[in-house]
Amino acid sequence: MGVGPCGGWARSRLQYSSLTGPSYSDTPDLTERAIALGPWLRFTLVRGCDRRVDLFGALDLEYSRQSITTKVDASFTPTGASADGGAAGTDCGSTAVGSRILVEFDTADAERVTNLQWTDSAATLTPNLAAAGGTLQCSDPLEFFGQAYGAEGMLPAPVIAGDLATLVRCGFDATITSAPTDCGGTAQFPVTTEYHSYAGARANELRVTRTFGFGATAAVFPQTILRPYVPRLPVAKFSAIIYPNQAGTAVTVGSPGGCATDCLVPTGTTWSGRWYADVDPTSGQAMIVLRDPALTSAVSLAINNDGLSASNLSSFLLLAPGGGWLEPVTEIEYLCFADLTSWPQAARTAATLPAGCGP
């Protein structure tokens with residue numbers, strides 16, 4: 001028997017869409033409604049072996065209604081941050097989530113670090129490591145973590161007690177800008193300092209970038225040496241300093257407590273000029289100060305301590321170029337925190353830095 005089916009239909013569809021909301025979390029709803037009407041006519045012609053033709057048919061009526069609600073996400077905020085730290089676009093209301101370092105600044109003079117803590121390999125938060133002390137100059141003690149000056153006791157100096165500076169924090173970044181005048185109305189050096197923290201493998205370090213606006217009319221710095229960044233730690237705890245030789249194969253151990261004035265180590269066979277580390281001999285905790293490898297200006301290492309703040313203030317010492325400081329200077333240093341778990345003694349002795357320290 002042969003079969004020859006045929007069919008036909010007629011249908012109409014009405015559709016309506018609307019945007020409504022917000023229904024929750026400031027997110028709008030897209031609602032779509034559709035109605036289908038029809039009749040449906042189905043028929044089949046069948047011819048049997050007796051050559052008769054039969055017609056089978058049916059008439060169907062259909063009504064359907066459909067409503068779809070779609071949630072439109074209007075809350076997306078691009079962060080631009082990777083596991084290694086923040087970047088442009090980071091939500092400026094956020095903090096440096098993932099960093100193991102907590103750093104806080106004074107409200108009037110943001111160049112002064114008021115609190116510096118690190119979460120070590122055992123997930124223990126250290127006490128405040130930023131040393132300070134001495135007579136107050138407006139809101140600043142005479143000695144504090146984050147200063148910049150030349151020879152001790154000599155003025156003018158770029159970042160000292162009594163200065164004023166503002167802070168803008170944006171995710172992994174903190175940017176500090178000097179005010180035109182200090183708390184006494186005296187003109188200040190134009191200085192900008194940027195702190196950048198990291199997450200992931202580099203969560204134990206801070207990058208400090210400081211730019212001095214030397215060369216401007218009111219920014220004449222007459223000294224021949226400059227401590228661009230002075231990281232003061234308690235000298236009773238961080239009583240030792242180590243620094244690598246030129247070959248990068250061994251370290252020398254020094255004692256800041258034995259240096260009433262600067263004990264200078266020039267770049268050369270004894271010191272590579274690249275990094276040094278303040279060390280707590282008891283716990284093994286250390287703060288490595290690494291100069292950015294791209295910087296090639298002449299430096300010495302100044303090992304020293306101050307009594308008013310009871311601090312180890314060892315730091316890089318920049319040497320003035322020929323003719324003096326006639327143009328802006330930018331210094332980039334990395335502060336890397338470590339213990340004997342993340343930086344074993346054998347690696348220290350061999351002058352090998354821990355993973356995640358540096359650019």
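Bear in mind that the values in this text are calculations on the coordinates, not laboratory data. On a predicted model such as this, the values are computed, not experimentally measured, just so you know. Every residue, glycine as well, gets a Cβ built from its backbone with ideal geometry; the counts of neighbours run over all protein chains shown.
Laid out as a table, the results:
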quantity	calculated
Principal axes of the stretch 101-349: Cα extent on each, largest first, Å	51, 39, 33
Taking THR119, THR249 and counting other C-beta atoms within 10 Å, the order from fewest to most	THR249, THR119
Ascending count of other beta-carbon atoms within 10 Å, so fewest first, for ILE332, ILE241	ILE332, ILE241
Percent RCO, i.e. relative contact order, over the stretch 101-349, from Cα pairs under 8 Å lying at least 6 residues apart	19 percent
Between the stretch 133-147 and the stretch 203-276, the alpha-carbon center distance in angstrom	20 Å
Amide proton proximity set for ARG112, modelled H, under 5 Å, gap of 5+	ASP106
Rg/Rh for the stretch 219-333, where both radii come from Cα atoms and Rh is the Kirkwood radius	0.97
Net charge over other residues, Cβ less than 10 angstrom from the Cβ of TRP275 (K, R count +1; D, E count -1)	+1
Relative exposure of SER315, SER342, judged by other C-beta atoms within 10 Å (fewest first)	SER342, SER315
